[in-house]
Every structure is written in C-alpha cells, then in structure tokens.
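**Student:** Encoded as structure tokens, here's the structure I'll be asking about.
The values are calculated or read from the model by the stated rules, or taken from the named source; none is laboratory data. All values reported here derive from a predicted model rather than from experimental measurement. As a convention, Cβ positions derive from the backbone with ideal geometry for all residues, glycine included, and neighbour counts pool all protein chains shown. The accessibility values were calculated without ligands, DNA or RNA, using every heavy atom of the protein model including side chains. Shrake-Rupley method; radii C 1.70, N 1.55, O 1.52, S 1.80 Å.
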Amino acid sequence: MLDHVTGMGAGAVLRLAGAGAAPAKPAGGAALDQILIASGGAGALTAALLVLGWGHRSGRVSVLARAADLATRGPGRGTPGWAALPIPVAMVSLLIALLGMYWDISLHISHGRDEGPLANIAHYPILIGLFGIFTAGVLAVVLPKGEVPGAASVRITRDWHAPAGGVLLAGAGFYALLGFPLDDVWHRIFGQDVTLWGPTHLMLIGGAGLSLVAMMVLEREGRRACPDEEQPPGWLRYVRRCMHAGGLLIGLSVFQAEYDFGVPQFRLVHQPLLIALAAGCALVAARLWAGRGGAVWAVVFYMLVRGGVSVIVGGVIGELWAAVPLYFAEALCVEAAALLLARRPLALGAVSGVLIGTAGFGAEYAYGQAGFRLPWTPDILAEGMAMAVAGGVAGGLCGALLAEGLAGRAPRPAAARGIFAGAILAVAAAVANGLVVSVPPGRTATVTLTDVRGDAAHRTAGARIEFSPASAVDGPAWVTVTGWQGQGLHVDRLVREREGVYRTSEPMPLHGEWKTLIRVHDGRTLAGVPVYLPDDPAIGAKELAAPAHFTRGVQGERSILQRELKTDVPGWLWAACSAVVLLCTLALVLSLGWGVARIARRLPAPAGSAARGPHAEAGT
Amino acid sequence: MRVADGVLASHPIITAVPFFVPTFIVVAVIVFVVWRDRRRGDDDPPGGP
C-alpha cells in the first residue's frame with residue numbers, strides 16, 4: 001500500500017521469479033510473471049462474480065439465491081438475503097484488509113519501499129479485502145430480483161432496483177480500489193511517497209474505513225424490508241449494531257497508523273484530533289443507534305479486532321507492534337452525556353465531543369505515557385486539546401446525524417446539510433493547521449559518536465548531540481534518534497543532559513540499509529538531522545556516512561524520510577493531482593451523506609416513535 | 001542509475017492492472033446494462049440512480 005523499498009521477502013520473491021537482471025532495489029516495476037499470476041487470479045474472481053450475478057438475474061444459476069437464503073438463517077436473520085449475505089462478506093473482507101494494511105505498513109517501516117504493487121506479500125490481503133468489499137456491494141446490488149428492496153432503493157433498470165446501501169458499498173470498494181492505479185501514477189510522477197498520508201494511500205484506507213457507513217445503511221434497509229414477525233431477537237440486533245459501530249471506530253482509526261507505529265511524519269497534534277474525531281463519530285452513533293452501553297461495547301469490539309491485528313502482526317508474524325489507542329474513556333464520556341441527552345441527539349453529539357476532547361484527551365495522554373512509542377508531552381497540551389475538541393465535536397455531530405438517519409429521523413435538510421458541511425470544514429481546517437510546519441534556519445546539531453561497535457556491516461553507536469543555539473530545543477514534543485528500513489525500526493527518545501544537549505539511551509544502527517536520523521519536533525518545528533543514510537542507486541541517492549564527530553544543519557525531514565520523492569516536479573502539478581484525489585474523496589463522503597439522508601427521508605420512523613426516544617423504535 | 005531507469009520505463013502502469021481492471025469490468029457491465037435499458041425504453045418515465 002505504501003509502496004516503498006524492497007523487503008527481504010519481496011526481494012526473495014523477485015529473485016525466485018527470475019528477475020535477477022533487476023537491480024537490488026528498483027524504485028518501480030514488478031516481475032512480469034507476478035503480474036500474470038495476480039491478473040489471472042483477479043480475472044477468475046471477476047468472471048465468477050459476473051457469471052454468478054448474470055446467472056442470478058437471468059434465473060439460470062441459483063448459487064447466489066441459495067447462499068443468500070442460507071445467510072438469512074444465520075447471524076443476518078431478520079434481514080432479506082440482499083442484506084444478510086453482503087454484510088458478513090464485507091465484514092470478513094474488511095478484517096482481511098485491515099490485517100494486510102497493518103502488516104504492510106509494518107513491512108514498509110522496517111524494510112522500506114517495494115518494487116511495485118505486487119512485490120510485497122501484505123499487498124495481497126489488502127487487494128483481496130478491498131475486492132471483497134466491492135464484491136459485497138455488487139452482491140447487494142445484484143441479489144434483489146423481482147422485488148423493490150425498500151423505498152430507499154435505487155432504480156437500475158425498469159425491473160431491477162438495488163438497495164442504496166449496496167450501491168454505496170460497491171462505490172466505497174470501487175473508490176478504494178481506484179487508489180491502486182492512481183497510486184501507481186502518483187509514484188511515477190512524484191516518486192514513491194513513503195508515508196501513510198500520501199493522497200492515494202488515503203484513498204485505499206478511506207474507502208475501506210467509510211464502507212462501514214454503507215453497511216449500516218444496508219442493514220437498515222434490510223430490516224425495514226422484513227415483516228415484523230421475522231424480526232431478529234433484540235440482543236442480536238444490539239450485538240450487530242455495536243459491531244457495526246465498532247467497525248466504524250476501527251475504520252476511522254486507521255488514519256492514525258503512523259502514530260501507532262511511532263514514526264509519524266506529521267505534527268503530533270494530529271493524533272489527538274484523529275482519536276477524538278473517530279471516537280466522536282463512531283461512539284455517539286453507537287450509543288444512539290444501539291442504545292445504552294452501545295459505545296462501550298463498540299470499543300470492546302474495536303479492542304478485540306484492532307488489538308488482535310496488533311498481536312498477529314507484532315507477535316505471530318513477528319513484525320512491528322502497533323500501539324492501540326484506548327478509547328474506553330471516550331466511550332464513558334459518551335455514555336455519561338447520554339444519561340441526560342439521549343433524546344437530543346445533536347446536543348449529545350456536541351457535548352460528547354467536548355467531553356472527548358477534554359477528559360478523553362486526558363485519558364489518552366495518561367495511557368500514552370505507557371502505551372505509545374512517542375508519548376504526548378506538555379508541548380502539545382494546549383493545541384492538542386483544542387484540536388481534540390474540534391475533532392470530537394465535528395465527529396460527534398456527524399455521528400448523531402448518522403444515528404438519526406439510521407433511525408429514520410432527520411433534522412430539516414438545510415440544518416443537516418449545514419451541520420455536515422460545517423463538520424467537514426472544521427476537520428479540514430484542523431488538519432490544515434496540523435500540516436503547517438516550519439524548519440527554523442541557522443540551527444545545527446553537533447554529533448559525537450560514543451561507544452562505536454562492530455565492523456562496517458554491523459556498526460552501531462551511541463551519541464551525544466549538542467544543538468546550536470542551545471535554546472533551539474525547549475520542551476519538545478519529541479527528540480529522538482529514529483532508524484528505519486534496515487530490517488527493523490529503532491526509535492530512541494533522547495535523554496536530556498542539559499539545555500540543548502542530549503544523549504542516546506541505546507545504540508543506534510549505522511550500517512546496511514538503515515536510514516538513521518535525529519528527529520526534533522517542538523511546537524510547529526518539525527525537523528531532522530541525518531546521521532546515516534545508505535547508498536541507493538535506484539533513486540540516485542548517495543551514501544551519507546556517519547563519522548565519529550560531525551556538525552550538520554537542522555533541516556526539513558521530508559527529504560530524509562522520503563528520499564524517493566522527485567524534487568523536480570512543479571508545484572502546480574502536485575496541487576492538480578491532489579485536487580483530483582480530493583474530489584474523489586469528497587464524492588465518496590457526500591455520497592455517504594446522501595445515502596444516510598435518503599434512508600432518513602424514505603424510511604421514516606413510524607409516527608410517534610420519535611417522542612419515545614431511540615429505544616422505543618427498536619423494532620423498526 | 002541507467003539500469004534503474006530501464007526498469008521503471010519497461011514496467012508501465014501495467015503493474016497495477018490486476019488491482020483495478022476487474023473492478024472496472026464489473027462496473028462497465030452494470031453501466032452497459034443500464035445504458036441498454038435506458039435506450040430501449042422510451043415509454044418509461046425518466047429517472048434513475
């Protein structure tokens with residue numbers, strides 16, 4: 001997904017594939033036979049989908065109908081086949097994609113870029129997962145035959161109507177998969193961007209994360225299409241809703257992955273913003289949609305899945321550990337606010353957001369001292385909390401709108417649109433604020449290596465680092481030595497000796513493929529000092545050796561962390577390409593908003609239930 | 001450096017083919033079905049997705 005340097009496994013695959021003529025670490029391309037294998041597999045899947053879909057609609061193949069019938073008797077009972085079958089398919093696909101994503105990021109952090117979309121084994125679960133999401137959407141579109149699946153359905157042809165949630169689910173999967181070719185184009189124009197927050201990378205994870213909203217819409221349409229006597233038992237509905245909301249929490253949390261691993265390339269204040277945004281949206285929706293305790297159970301589901309992925313990637317596969325934000329405090333904030341405000345959803349969203357941004361922020365701050373690789377420091381206290389409040393309120397309001405739509409109630413369209421647009425703008429403004437960084441000129445770091453060990457192939461060393469002027473670093477968010485892409489990750493928070501003077505607490509790697517630098521983040525300052533960088537002929541980068549004593553300027557990190565970036569691309573081209581990705585993203589977000597508004601309007605709650613609060617209409 | 005350039009040039013966007021072409025085919029088939037239906041039915045009131 002984050003396509004970067006050769007991994008060990010990827011390199012081995014390439015050699016096995018007989019592509020020995022390629023240089024050791026090409027910055028693009030893939031072995032032809034891998035492309036053929038992957039194309040063959042994908043082609044077979046496509047053919048199966050087309051044959052099953054076409055056969056189902058023409059009545060010649062009954063496999064889909066039988067599978068859907070089976071699904072209505074399993075965990076999807078109480079919904080017709082066109083909702084009961086696609087939802088578990090999408091759930092399993094999302095789990096596969098999530099595992100692949102964390103595995104992939106972990107591989108890229110420890111091994112660097114890879115040769116292309118197929119060179120990294122972790123890309124396969126991502127591909128299968130994203131294609132599975134798309135497949136689930138197509139199933140929901142194809143399955144309804146000879147019926148109109150509810151009043152919110154979309155007309156495909158004169159005798160073919162598809163549930164809006166199915167169309168949205170297919171759209172979210174399509175958007176995510178569209179990220180792959182765009183990613184490739186992006187890499188060819190700009191060089192590989194070794195960060196999660198590349199525009200096209202955000203498409204891949206955003207499409208998957210937001211598909212949960214489409215699944216919620218589909219579930220609502222399915223349950224409204226079922227007669228009253230076939231409704232599922234209350235506990236099953238509760239569990240399903242908590243799982244959906246927990247899934248949304250996971251989906252919105254994937255944007256934090258760089259922070260989870262401890263190598264964020266952006267300011268630390270983004271992390272509280274993203275945590276609060278995810279918590280606000282998913283947990284307010286969970287509480288309002290599922291009922292009392294919904295927010296807590298959504299976090300339990302999140303913890304099982306997201307914690308499980310960390311355990312599998314870090315423990316079983318043996319890659320890097322990804323920290324898991326706690327979210328329990330945020331859930332309690334929402335539950336507490338709901339004791340008073342459960343019947344006033346928008347107020348609940350706003351109040352929950354404020355609580356999440358303050359009390360929730362404090363809890364994550366405390367938890368992060370032990371749980372995060374880069375714990376929060378007083379440097380980000382004020383701005384981080386302001387960002388968290390902004391994210392929490394924006395997310396909480398969106399979560400309230402989502403839950404209201406799912407319950408068949410909605411504020412006046414103008415008000416809903418205003419709140420939705422305001423929330424998007426607030427989040428955009430907060431993210432933009434977080435992106436403003438500076439590299440103060442005229443600062444240097446004098447590094448003295450201590451305790452140098454090993455020969456050239458195994459060299460490690462401690463270091464004493466003196467910044468000039470000494471007051472340049474004052475109460476920082478982080479001062480670390482970070483080494484990555486050398487078959488591992490090394491993040492060492494430096495020990496302060498006196499003002500402007502720091503030392504390492506463990507030896508840093510200075511050999512092989514490691515890229516080792518000193519990182520400084522203080523307020524808006526985000527800068528680095530390269531210590532050791534390897535020779536990289538594929539991108540025309542020369543080795544930067546680490547002598548025993550040297551003084552280097554404090555510089556922007558981007559050119560050190562993302563050496564693959566091409567520097568000769570005009571700025572307008574970058575802006576234009578980003579605008580294309582932004583438009584695709586807005587299209588997806590607005591489509592989901594349209595879907596929620598559509599079911600709110602077309603599948604209204606029965607008269608009288610609004611006055612009885614969210615629990616009373618549980619049967620609708 | 002020259003070798004690396006050769007690798008880049010000889011592997012165009014084709015590397016990403018298995019990642020998106022199947023999706024595009026499925027979407028194209030659905031769009032075709034819709035287009036055929038729309039073209040056929042003059043009697044139907046306009047409207048759609």
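**Student:** Once neighbouring chains are kept in place and the probe is 1.4 Å, which whole percent of the accessible area of the stretch A:444-553 is contributed by carbon and sulfur?
**Tutor:** 49 percent
**Student:** How much length, in nm to one decimal, is gained on full extension between residue A:438 and residue A:77, taken as 0.36 nm per residue of separation minus their Cα-Cα distance? Before the final figure, lay out each step's value.
**Tutor:** On the way: separation 361, 0.36 × 361 = 129.96 nm, distance 5.54 nm.
Computed gain between residue A:438 and residue A:77 is 124.4 nm.
**Student:** Based on the mean of other Cβ atoms within 10 Å per residue, sort peptides A:573-586, A:478-491, A:276-289 so the most packed one is first.
**Tutor:** My ranking of the peptides, most packed first, is A:276-289, A:478-491, A:573-586.
**Student:** Figure the gain on full extension for residue A:586 and residue A:448 (residue separation times 0.36 nm, minus the Cα-Cα span) and round it to one decimal in nm.
**Tutor:** Stretched out fully, the residue A:586 to residue A:448 stretch lengthens by 44.7 nm.
**Student:** Same structure, new question: In whole percent, how big is the carbon plus sulfur part of the accessible area of the stretch A:296-426, probe 1.4 Å, protein atoms only?
**Tutor:** 75 percent
**Student:** Using alpha carbons only, how many degrees (0 to 90, rounded to 10) separate the axis of helix A:86-111 from the longest principal axis of chain A?
**Tutor:** For A:86-111 against chain A, the angle is about 0 degrees.
**Student:** Would you work out the charge dipole size for the stretch A:330-439 about its Cα centre, treating the Cβ of every Lys and Arg as +1 and the Cβ of every Asp and Glu as -1, and quote it to the nearest 20 debye?
**Tutor:** Around 480 debye, computed over the stretch A:330-439.
**Student:** How high is the relative contact order of the stretch A:411-476, in percent, counting Cα pairs under 8 Å that sit 6 or more residues apart?
**Tutor:** 24 percent
**Student:** Another question about this same structure. Accessible area per residue for chain A in Å², computed with a 1.4 Å probe and the full protein assembly in place, what is it?
**Tutor:** For chain A, the solvent-accessible area averages 36 Å² per residue.
**Student:** What are the equivalent ellipsoid semi-axes of the stretch A:244-340, built from the alpha-carbon gyration tensor (square roots of five times its eigenvalues), in whole angstrom, biggest first?
**Tutor:** 25, 16, 9
**Student:** How large is the translational diffusion coefficient of the protein assembly as shown in µm² per second when you combine the Kirkwood radius over alpha carbon pairs with Stokes-Einstein at 4 °C and 1.567 mPa s?
**Tutor:** Estimated diffusion coefficient is 50 µm²/s.
**Student:** Modelling each spin label as a point 7 Å along the Cα-to-Cβ direction, I'd like the residue A:409/residue A:594 distance in nm, to one decimal.
**Tutor:** 2.7 nm
**Student:** Please compute the modelled spin-label separation between residue A:501 and residue A:229, points set 7 Å along Cα→Cβ, answer in nm with one decimal.
**Tutor:** Result for the modelled spin labels: 8.6 nm.
**Student:** List the residues of the stretch A:154-177 whose accessible area drops by at least 20 Å² when all protein chains are present, compared with their chain alone, using a 1.4 Å probe and counting only protein heavy atoms.
**Tutor:** A:154, A:155, A:156, A:157, A:158, A:160, A:174, A:177
**Student:** Does anyone have the angle between helix A:234-253 and the longest principal axis of chain A? Alpha-carbon axes, 0 to 90°, nearest 10?
**Tutor:** 30 degrees
**Student:** Ignoring ligands, DNA and RNA, please state the percent of accessible area on the stretch A:96-139 from carbon and sulfur, probe 1.4 Å.
**Tutor:** Values: 690 of 750 Å².
Solvent-exposed carbon and sulfur of the stretch A:96-139 make up 92 percent of the total.
**Student:** Taking only Cα atoms, what is the 0 to 90° angle, nearest 10, from helix A:63-73's long axis to the longest principal axis of chain A?
**Tutor:** Approximately 80 degrees, to the nearest 10.
**Student:** To continue, here is another question. Explain nothing, just the number: relative contact order of chain A, from Cα pairs under 8 Å at least 6 residues apart, as a whole percent.
**Tutor:** Details: 1264 pairs, mean separation 85.5, N = 620.
Computed over chain A, the figure is 14 percent.
**Student:** Here's something else I'd like to know. Return the aspartates and glutamates within reach of residue A:542: Cα separation strictly under 18 angstrom, same-chain partners fewer than 8 residues apart disregarded; answer none if there are no such residues.
**Tutor:** Excluding near neighbours in sequence, the set is A:513, A:557, A:564, A:568, B:5.
**Student:** Let me ask something additional. Could you let me know the centre-to-centre spacing of the stretch A:182-239 and the stretch A:512-543, using Cα atoms, in angstrom?
**Tutor:** What the calculation gives is 36 Å, centre to centre.
**Student:** From the phi of every residue in the stretch A:294-307, what ³J(HN,Hα) in whole Hz does the Karplus formula 6.51 cos²θ - 1.76 cosθ + 1.60 yield, where θ is phi - 60° and glycine or proline is x?
**Tutor:** x, 5, 5, 5, 4, 5, 4, 4, 3, 5, 4, 6, 5, x
**Student:** Rounded to the nearest 100 Å², what is the buried accessible area between A and B, both sides summed, probe 1.4 Å?
**Tutor:** Numbers: alone 24090 and 4810 Å², together 25700 Å².
So the buried area, both faces added, is about 3200 Å².
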